[in-house]
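Data block below; observations after.
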Amino acid sequence: MTHQKQKLLDIILGNIDWGVIASDSNDDIRCVNPAFKELTGYAADEVLGKDPKILISGQQDVAIISSLRKSWNIEGSWPGKIEIRCKNGETCLFYLSIHTYSEQIEQPDNYVIMIRVVTENRGLDKDGKYQHDELTGLPDRHLFKDRLQQNLIISKRGDKPVAILMLGIDSFTTINDGLGHDYGDLLLKTVAMRLEKCFRGSDTVAHTEGDRFGMVLQMTASGDGVIVADKILNAIKQPFNIEGREVTITASIGISLSPTDDEDAGQLIKYAESAMYHAKKGGGGRYQFFSNDMNVKARKRIEIESRLRRAIEREQFILYYQPKVNAGTNQIVGMEALMRWQDPENGLISPTVFIPVAEETGLIEQIGLWGLRESCRQNIEWQNKGLHPVCVSVNVSGRQFFSPDFVDMVKAALEDSGLSSQYLELEITESLLMDKTGENIKKLEQIRDLGCHISVDDFGTGYSSLSYLTNFPITTLKIDRAFIKDIGTSQDTSEVARAIIGLSQGLKLEVIAEGAETLKHIDFLRRYGCNTVQGFFYSRPLPAEEFEQLLKVLFIKQ
Ligand code: C2E
Ligand code: MG
Ligand code: MG
């Protein structure tokens, strides 16, 4: 290479903000540029002669690595996103572009890797104004407001709420003064990386000023704001190891919600900031909603969560059983296991209170597994006592179903109890059937192959696409209570019940109605061909001992 060309190359490498790593065919790093140190924290002499693989995070998705290998082998290059482990131990998502080249024909391949932090639309906006903060690479305050405005427009169209989170690091000035501004800057950079990991690609994380970060979250469920705030506070609480010095910090988060609090971006940011100050005043290391109403709800949720954890340890859950009855003969043909929480302080707590919190926090996996095993155990106990064998239906929440070993858990519950699979039914919700990847179908097929029944609970309240009904191996539709309760009073809702009965007959599925409370309901259901019914008309859910008495008689007296 001519001297001129080398000089030009040095100028470019010294000034671009992409990190560059040049390696030879033995996988030895030959040189890196200054931006590489900026991005990863590694000085040149710490990586020269080493294999670039040291940068790949251990948590990296294997599919990405195999795609990289394949495309690199065939095409000599690969562009994509990859997790890199920085010197301080943090992993961060980078754009990575890898290219093979030879210095001379017939010589083995060297390669060059280029990296930069993933941020969308990085660079200047149309007016030439810099919209990304230089330190962290995140959107700045202007772009944050812009993104928020866009999100508000989109959310209005889709009728989805948006949460605005403003975060401030507690006592940041103490760290900055005590450990120096350079240290403070590195800390902010690392905080930015951790924050990005708490969000999906479609959300916005911005560095609005100093020790402040702003985040916009498109919510899919009402508890999303709390879940993310918890996740962030937890991520920030973990010790930071920067340049060999460990610090532990906390942060305060203020949350405002659109449309509940306001629909104007500026106002929402102000509200979230004001809530953040409140959180700081309250001692820091916590989040606070702008609206008091939300604070009360959030506090209640936290309280239930910690009590639920205790309830698991102390085994305070019990199952009630409600009969499913043949409306023609009044014979019990099945039973649904319904969970209750026996709280020593507050008595019997309804699943409508604790199941949603258990789902949000992931505790449902443990609680649900207990319910599944206990239902199988109880059912075989009754069969062993010589009572008429009936199928037990167990509610399965989405999160429980998505657990990778769910099928194994069902298998184990059957094997450990000795219950025959024909006496176990799983009640799932319509939303599980919306998955287009086929993963859920596979799982359900495995469950059906075990010999269990699969019923779609609360049918009619979920999504309207019915095409899935033929794709999934389901056995029963369970008409939601909402369509039964108005039979005799609302023509429209009872028409829905009728239509579902017709649909199940057409698809050769079984049908059951839940929530039948009156003789009018029963007569209607019988008339239109729904012979299996569950509801207060026959019996409320009962504790196991009382249900056992009912099972002994088998026929429900009117
Ligand atoms: P679900 O699976 O749709 O259960 C039926 C609910 O309707 C039960 O409420 C039952 O008591 C109630 N019900 C039955 N007949 C009537 C009636 O005639 N009138 C009225 N008004 N209500 C009736 P419950 O026991 O409070 O359970 C509520 C929900 O909690 C269940 O709805 C289910 O989604 C969930 N759940 C209960 N146990 C479990 C569990 O072990 N795991 C999971 N994941 N969810 C559970
Ligand atoms: Mg159910
Ligand atoms: Mg239901």
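Where a number appears in this text, it was derived from the coordinates with a stated rule and is not lab data. This structure is a prediction, so every number in the text was calculated from the model and none was measured. We place every Cβ from the backbone using ideal geometry, glycine too, and count neighbours over all the protein chains shown.
Below is a table of values for the structure above.
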{"item": "Value of D in µm² per second that Stokes-Einstein yields for the range 480-544, Kirkwood Rh from Cα pairs, at 4 °C (1.567 mPa s)", "result": "109"}
{"item": "Ranked L509, L48, criterion: other C-beta atoms within 10 Å, fewest first", "result": "L48, L509"}
{"item": "Diffusion constant of the range 337-496 at 25 °C, which comes from Stokes-Einstein with the Kirkwood Cα-pair radius and 0.890 mPa s, µm²/s", "result": "144"}
{"item": "Cut-off under 5 Å, modelled amide H: who pairs with L477 long-range", "result": "V456, E510, V511, I512"}
{"item": "Bins of 10 Å from zero: percent of alpha-carbon pairs in the range 3-117", "result": "14, 46, 34, 7, 0"}
{"item": "Centre separation in Å (Cα based) which lies between the range 395-432 and the range 169-240", "result": "38"}
{"item": "Top positive-direction residue, dipole computed over the range 467-515 with Cβ charges, set I501, F472, A513", "result": "F472"}
{"item": "Relative contact order, percent, the range 141-290 [alpha-carbon distance under 8 Å, six or more residues apart]", "result": "30"}
{"item": "Gain in span if fully extended, K53 to H99, counting 0.36 nm per residue against the direct Cα distance", "result": "15.0 nm"}
{"item": "Projected area, mean over directions - the chain, Cα convex hull, nm²", "result": "33.4"}
{"item": "Rounded to whole Hz, the Karplus (6.51, -1.76, 1.60) HN-Hα couplings of the range 267-284, x for glycine and proline", "result": "5, 5, 5, 4, 4, 5, 5, 5, 5, 5, 4, 4, 4, 5, 4, x, x, x"}
{"item": "Helix 544-553 axis, angle to the chain major axis (alpha carbon atoms, nearest 10°)", "result": "40"}
{"item": "Gyration tensor over alpha-carbon atoms, the range 163-319, equivalent ellipsoid semi-axes in Å", "result": "27, 21, 14"}
{"item": "Efficiency of FRET between E495 and K197 - r from beta-carbon atoms, R0 45 angstrom, step 0.05", "result": "0.35"}
{"item": "Qualifying trypsin sites (Lys or Arg not before Pro) in the range 177-240, DSSP loop, other Cβ atoms within 10 Å at most 10", "result": "R200"}
